[in-house]
Amino acid sequence: MSADDARRWIEAARDPAISSALDAFYDALRLEIEALAPVCVASGKCCHFEAYEHRLFVTGLEAATTAVRLESRPALSALDEPGCPFQVGRLCSVHTIRPFGCRVYYCDPKARDWMEDASERYLRAIRALHEAHDLTYHYGEWRSMLRIVLGVLDDPTSSS
């Protein structure tokens with residue numbers, strides 16, 4: 001993955017047609033979640049990756065979409081901290097623009113099978129969106145992907 005890939009993801013995230021397509025996936029997922037009604041107790045555990053031994057992975061397009069929609073960007077140093085840089089207390093400060101992995105993850109044990117199935121289906125659709133627009137598909141750890149995209153947003157001529 002390169003700065004050129006990140007620039008293309010950013011450009012795509014700003015394209016209304018591509019952005020709308022990604023939002024349509026998120027909306028379809030929202031409807032599934034509403035129908036299944038998994039329990040979320042807003043514990044914030046899902047955002048403490050290391051403490052709860054899981055990682056959040058996102059696609060390049062999702063990282064770019066979240067980054068371009070931010071009202072204010074976190075300092076890159078915040079990405080070195082454990083957990084998600086957007087967690088405030090037990091809540092998500094970017095809830096409406098969070099990536100797919102955040103939307104599909106629930107601590108509710110009854111949701112496990114559904115989460116796996118939904119993850120596979122929606123990631124295939126997001127990958128197809130990358131391919132349809134000739135975007136490099138990269139699926140990487142959330143903070144690492146943000147670091148690359150935010151770095152390019154901060155310095156569009158960057159080569160790293």
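The values are calculated or read from the model by the stated rules, or taken from the named source; none is laboratory data. On a predicted model such as this, the values are computed, not experimentally measured, just so you know. Cβ coordinates were reconstructed from backbone atoms using ideal geometry, including for glycine residues, and neighbour counts include every protein chain displayed.
Among the helices (runs of 4 or more DSSP H) contained in the range 94-154, which hold 2 or more residues that are at pLDDT 90 or above and in contact with a helix residue (DSSP H, G or I) (Cβ under 8 Å, 6 or more places away or on another chain)? Spell out the reasoning first.
Working: elements: 100-104, 112-132, 142-154.
Fully inside the range 94-154 and qualifying: 112-132, 142-154.
Tell me, please, whether a residue that is in contact with a Pro (Cβ under 8 Å, 6 or more places away or on another chain), surrounded by fewer than 18 Cβ atoms within 10 Å (Cβ to Cβ), within 30 Å of Lys110 (Cβ to Cβ) and not small (Gly, Ala, Ser) can be found in the range 39-48. Before the answer, list the steps.
The first filter runs over the range 39-48 and keeps only residues in contact with a Pro (Cβ under 8 Å, 6 or more places away or on another chain), leaving 48.
From the residues that got through so far, the ones that are surrounded by fewer than 18 Cβ atoms within 10 Å (Cβ to Cβ) too are 48.
So of that shortlist, the ones also within 30 Å of Lys110 (Cβ to Cβ) come out as 48.
Those still in the list that are not small (Gly, Ala, Ser) too: 48.
Checked against the condition, which is being in contact with a Pro (Cβ under 8 Å, 6 or more places away or on another chain), surrounded by fewer than 18 Cβ atoms within 10 Å (Cβ to Cβ), within 30 Å of Lys110 (Cβ to Cβ) and not small (Gly, Ala, Ser), the range 39-48 yields at least one hit.
For the range 20-52, which positions are assigned to a loop (DSSP other than H, G, I, E, B) and either touching a Gly at 6+ places or on another chain (Cβ under 7 Å) or under 27 Å from Ala78 (Cβ atoms) (or both)? Step through it out loud before you land on a result.
Just the residues of the range 20-52 that are assigned to a loop (DSSP other than H, G, I, E, B), to begin with: 37-44, 48-52.
Across the range 20-52, the qualifying residues are Cys40, Val41, Ala42, Ser43, Gly44, His48, Phe49, Glu50, Ala51, Tyr52.
Keeping to the range 103-156, report how many residues are basic (Lys, Arg) and either in contact with a Cys (Cβ under 6 Å, 6 or more places away or on another chain) or within 14 Å of Thr66 (Cα to Cα) (or both). First the steps, then the outcome.
To start, the set of residues in the range 103-156 that are basic (Lys, Arg) comprises 103, 110, 112, 121, 124, 127, 143, 147.
Then keep just the ones that are either in contact with a Cys (Cβ under 6 Å, 6 or more places away or on another chain) or within 14 Å of Thr66 (Cα to Cα) (or both); that gives 103, 143, 147.
Going through the range 103-156 one residue at a time, the tally reaches 3.
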Looking only at residues in the range 66-121 that are hydroxyl-bearing (Ser, Thr, Tyr) and touching a Pro at 6+ places or on another chain (Cβ under 8 Å), which one is farthest from Leu36 (Cα to Cα)? Thr66
Looking at (1) in contact with a His (Cβ under 7 Å, 6 or more places away or on another chain); (2) crowded, with 18+ Cβ neighbours inside 10 Å, which is the only condition Ile10 fails? (1)
Could you check Tyr52 against (1) over 12 Å from Arg143 (Cα atoms); (2) touching a residue at least 12 places away in the same chain (Cβ under 8 Å); (3) hydroxyl-bearing (Ser, Thr, Tyr) and say which number it fails? (2)
Ala67 being touching a residue at least 24 places away in the same chain (Cβ under 8 Å), among the hydrophobic types (A, V, I, L, M, F, W, C) and touching a Ser or Thr at 6+ places or on another chain (Cβ under 7 Å): no
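Under the condition of being in a loop (DSSP other than H, G, I, E, B) and hydrophobic (A, V, I, L, M, F, W, C), which residue from the range 58-77 is surrounded by the fewest Cβ atoms within 10 Å (Cβ to Cβ)? Walk me through how you get there before you give the answer.
Of all residues in the range 58-77, those in a loop (DSSP other than H, G, I, E, B) come to 70-75.
From what's left, hydrophobic (A, V, I, L, M, F, W, C): 70, 75.
Working: Leu70: 15, Ala75: 10.
Only one residue tops the list, namely Ala75.
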What are the residue pairs meeting all of these: first residue in the range 17-41, first residue closer than 12 Å to Phe100 by Cα, second residue of a type in the set (S, T, N, Q) and part of a helix (DSSP H, G or I), Cβ atoms under 7 Å, and 6 or more apart or on different chains? Leu22/Thr65
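Listed here are the residues, each with its yes/no results for (1) surrounded by 14 or more Cβ atoms within 10 Å (Cβ to Cβ); (2) hydrophobic (A, V, I, L, M, F, W, C); (3) without any contact (Cβ under 8 Å) to a residue 12 or more places away in the chain.
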{"site": "Ala111", "(1), (2), (3)": "yes, yes, no"}
{"site": "Arg127", "(1), (2), (3)": "yes, no, no"}
{"site": "Glu131", "(1), (2), (3)": "no, no, yes"}
{"site": "His138", "(1), (2), (3)": "yes, no, no"}
Can we say Leu56 is aliphatic (A, V, I, L, M), farther than 17 Å from Ala118 by Cα and out of contact with any His (no Cβ under 7 Å at 6 or more places or on another chain)? no
